[in-house]
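These notes are about the structure you will find just below.
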Ligand code: TEU
Ligand code: CA
């Protein structure tokens, strides 16, 4: 497989609203990110995925864009953005922009035109249908609760919104829509952007009449067109968010000879604590056997044929240490154990802001403290269905997106060093203990451990290209080998909070270890990487 510059990259995801406020309005912004570039660089990261910073009414925190060529004033100006790109480049950090191509804001000029009359030239930019029997065109549900159809009184038709009603879906079958999206990408490439993350890209080619929303028949045709029109000439890295992709689909997206995308975010592992056929709010305990199977299938399935993205968390997911680790007694051990499993695999790792210091889920007691539209809509829907406040809050504590969106905890000062004003969303009350300053200087530093993991990738082709092989003999242990040329490493991780006997312990050279001493059993969440001699 041809080597690419991003094969040994590590991506750091920034959620701008919650990263660092520079001007005292309680909202993170671009100058704030610039002021923390050295922090990110020090970790060893070389790509920043920046969640949307475009002009937006903020119904879905920037995933509802009203102008793709402008920066939201809360985040700064186009000049700030140019400066961010330049300052990042100075530090050899590439900026990856989020492209939201499935939908716009309902305040985008295209949509305002589109809804103004049935014969407006922009009508076809969106998906309009007649109602049936005084009701919507179909019983299709929005991912953010309720019907996916919204009635427009003026023109007497319904428009489609797979997310909030302020996020009307674009009609990708209409060529001008695709051309304008390519324009948007070229604009940012010309500004020096080195990558794109494509939001819900597997939804763009829906065929409503056939009941197809995800992975429509023309999806790959459109991606190949986009590659030909925009990506071919540009040396940038691309990742598609493809919640509906299985391994077979992922190969179609990422096989280099197909010229579509470089990698995709698969949700298969992250959905393992959902009850089959239900929603994310109806969770169950993770079965480690499932996780081993899914991650291993992806490791071997894409080997030499595509490329994996490796992630535990993002701005839509709960914090991983609270989710599959132990965010109390064994916070350090479990956070570093999870980091070890992921960062020793083949693919490009993504770190979500705060993960590198073991930030945890949050529990606000009132709905009013939550900001996320998915959470708020779900609460209302379930309340109407008769669920109790306590029941609904339990789901929100485990699965709500605001778990990931509380402000970055920089230090133990007021507002965690995030802002001098009232933050736009509450800060996790544990900030005086869990923050960057404490973690970096602490005896048990998750940040320093992550830094070490990243350095291993930078210094060893084995981590980047080595073969993966699962060692599946012990149910409580996640273990595998990586081998490259004549070298072999063995990764052994105790996924539980108990002591576990293991035949995989040995007295070979230890490369990484989250305990200071050796023992003859695996201790809670112990993670060891051996070089096998
Ligand atoms: O997320 C797509 C998506 O499917 C999510 O809605 C996900 O299923 C859900 O949040 C899990 O709780 C992308 C963005 O990452 C998300 O932030 C946006 O809200 C969404 O698209 C719409 O643009
Ligand atoms: Ca600000």
Worksheet item: For region 27-36, does any single residue satisfy the condition of being touching a strand residue (DSSP E or B) at 6+ places or on another chain (Cβ under 8 Å) and away from ligand 2 (no atom under 14 Å from the Cβ)?
Response: no
Response to the item:
region 207-312: helices (runs of 4 or more DSSP H) wholly inside it with 1 or more residues that are over 30 Å from residue 472 (Cβ atoms) and not assigned by TED's automatic domain parsing to the domain that holds residue 126 are 219-226
Discussion item. Tell me yes or no: at least one residue of region 372-381 is in contact with a helix residue (DSSP H, G or I) (Cβ under 9 Å, 6 or more places away or on another chain), closer than 22 Å to residue 52 by Cβ and outside any helix (DSSP H, G or I).
Written reply: yes
Response to the item:
In region 55-80, anything in contact (Cβ under 8 Å) with a residue 24 or more places away in the chain and within 12 Å of ligand 1 (Cβ to nearest atom) is listed as 56, 59, 60, 61, 62, 63, 64, 65
Worksheet item: Mind checking whether some residue in region 161-173 is touching a strand residue (DSSP E or B) at 6+ places or on another chain (Cβ under 9 Å) and either part of a helix (DSSP H, G or I) or without any contact (Cβ under 8 Å) to a residue 24 or more places away in the chain (or both)?
Response: no
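Give the residue, chosen from 356, 333, 368, that is away from ligand 2 (no atom under 16 Å from the Cβ), under 19 Å from residue 17 (Cβ atoms) and out of contact with any helix residue (DSSP H, G or I) (no Cβ under 9 Å at 6 or more places or on another chain).
Values: 356 fails: out of contact with any helix residue (DSSP H, G or I) (no Cβ under 9 Å at 6 or more places or on another chain); 333 fails: under 19 Å from residue 17 (Cβ atoms).
None of the others qualify; the one that does is 368.
Residue by residue, here is whether (1) in the same structural domain as residue 522 (by TED's automatic domain parsing); (2) touching a residue at least 12 places away in the same chain (Cβ under 8 Å); (3) crowded, with 20+ Cβ neighbours inside 10 Å holds:
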| site | (1), (2), (3) |
| --- | --- |
| 442 | no, no, no |
| 457 | no, yes, yes |
| 469 | yes, yes, no |
| 472 | yes, yes, no |
| 476 | yes, yes, no |
| 479 | yes, yes, yes |
| 488 | yes, yes, no |
| 496 | yes, yes, no |
| 499 | yes, yes, no |
Response to the item:
The correct count of residues that are in contact (Cβ under 8 Å) with a residue 24 or more places away in the chain and part of a helix (DSSP H, G or I) in region 19-36 is 4
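The values are calculated or read from the model by the stated rules, or taken from the named source; none is laboratory data. Please read these numbers as outputs of a predicted model, since none were measured by experiment. All Cβ positions, glycine included, derive from the backbone under ideal geometry; neighbour counts span all protein chains shown.
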